[in-house]
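First up is the structure itself, then whatever we jot down about it.
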Amino acid sequence: MENTTLGTTGPSVSRLGLGLMGMSGMYGPADRAESIATVHAALDRGVTLLDTGDFYGMGHNEMLLQEALRGRDRDRAVISVKFGALRDADGGFLGVDLRPAAIKNFVAYSLQRLGTDHIDVYRPARISPEIPIEDVVGTLAELVDKGWIRHIGLSEVGADTLRRAHAVHPITDVQIEYSLISRGIEQDILPAANELGVAVTAYGVLSRGLISGHWKPQAADGDFRAHLPRFSGDALDHNLALVEALRAIAADKRVTVAQLAIAWVLGRGDGLVPLIGARRRDRLDEALGALDVTLTPADLAAIEAAVPADAARGERYDPAQMAMLDSER
């Protein structure tokens, strides 16, 4: 597995990372044994960047990762944790808490659930209008000094917020959605990250499965995609037609739609690390196959013609969630 560095100040990580969110019920039920086997398979294939969140399954995801890493060399894994989102017992989201005392509480609980003495990259899941980003990063810098976290990341922030944060303490990476049908970062955020030497860890590279080539209508309890505009009504029909256009290009190259879409993100620069959300070993194998896909200028032109930057219909989150995205303002 080829490695890269997260920005100019971050750790060396695999060229592809593994996002664990789907292993804790966000996309409906997941098989625990298969989830752990998938993490093991990823580690065995050289994937080192493992991304989780303390609110994924209300701690379930972190405990799952601790179990998966048991008996493995902890120092060969780069653990990235998002924090700050508040949830209730029904799984609903209650907002974000980024007060200094809350941050110190969150990291203490995460260290316990993960069974580790440090977190490699720690980041607020969203920013809070009540707490200046300078204060948030200042608190995180204290955690770096304590040795509880090694690097500071951000998630879903705009270019101005990134610059303000980076002025307080070096930011390793910004985690944000980026795919063929989610290209909003190209105008301001990606240039700012490149200018500052900050990496982009891209989640949703298959748009939560929508452009994987495998999407079928879901009826699983707990699958929050049922509430996303891109997965509803006429927007879904339109977006799936884009997938069929990609399928024709993929067939000519003898690759899958998912491999084509991941390879496109990989080709956007060394400072951009895709996170693949595989919950099963077969999907992991398919995603890793994208590392062997080379896209020619003709391929890129065909992809651009099939799926222009503004081709998708429907927002990537519902209106309430969109209002929480600093990157969209």
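From the protein chains alone at 1.4 Å, what is the descending order of accessible area for Ser12, Ser128, largest first?
Values: Ser12 70, Ser128 10 Å².
Result of the area sort, largest leading: Ser12, Ser128.
Straight-line reach from Lys82: which aspartates and glutamates fall under 16 Å, measuring Cα to Cα and dropping same-chain residues less than 8 apart? Partners within reach: Asp51, Asp54, Glu62, Asp97, Asp120, Glu156, Asp173, Glu177, Asp326.
Take peptides 13-20, 57-64 and line them up by average Cβ neighbours within 10 Å, highest first, as a rough protection proxy.
Values: 13-20: 25.1, 57-64: 20.4.
In descending order of packing, they fall as 13-20, 57-64.
Beta bridges per DSSP, both residues in the chain: antiparallel share near 20 percent.
Computed over the alpha-carbon pairs of the chain, the distance histogram in 20 Å steps reads 33, 62, 6 percent, short to long.
May I ask you to give the percent of accessible area on region 232-277 that is carbon plus sulfur, with a probe radius of 1.4 Å? Numbers along the way, then the final one.
On the way: 930 of 1910 Å².
Accessible surface attributable to carbon and sulfur in region 232-277 totals 49 percent.
When only the heavy atoms of the protein chains count and the probe is 1.4 Å, how do His214, His238 rank by accessible area, highest first?
Values: His214 75, His238 50 Å².
The most accessible residue leads, giving His214, His238.
Counting only DSSP beta bridges with both residues in region 131-240, the antiparallel share comes to about 10 percent. Positive-end ranking of Tyr109, Thr161, Pro132 along the dipole of region 89-164, with charges on Cβ about the Cα centre, is headed by Tyr109. Considering region 1-156 at the alpha-carbon level, its Rg and Dmax are found to be 15.1, 43 Å. Quick one: helix 100-114 against the long Cα principal axis of the chain, what's the angle to the nearest 10°, folded into 0 to 90? On a 0 to 90 degree scale, this one is about 70. Only lysines eight or more places from Lys146 in sequence, or on another chain, were considered; those with a Cα closer than 18 Å are Lys104.
When the Cα positions of Val78, Leu94, Pro29 are compared along the charge dipole of region 22-137, Val78 comes out farthest toward the positive end, with charges on each C-beta of Lys, Arg, Asp and Glu. When only alpha carbons are used to place a centre, region 123-192 and region 86-117 end up 18 Å from one another.
When Glu2, Glu177, Glu304 are compared by accessible area of protein heavy atoms, the largest-first order is Glu2, Glu304, Glu177, using a 1.4 Å probe.
Here the chain is assigned +1 on the Cβ of each Lys and Arg and -1 on the Cβ of each Asp and Glu. Its dipole about the Cα centre then comes out at about 540 debye.
The values are calculated or read from the model by the stated rules, or taken from the named source; none is laboratory data. Not measured: the values here are computed from a predicted model. Positions of Cβ are generated from backbone atoms using ideal geometry, with glycine treated the same way; all protein chains shown enter the neighbour counts. Accessible surface is based on the protein model in full, side chains and every heavy atom, while ligands, DNA and RNA are left aside. Shrake-Rupley method; radii C 1.70, N 1.55, O 1.52, S 1.80 Å.
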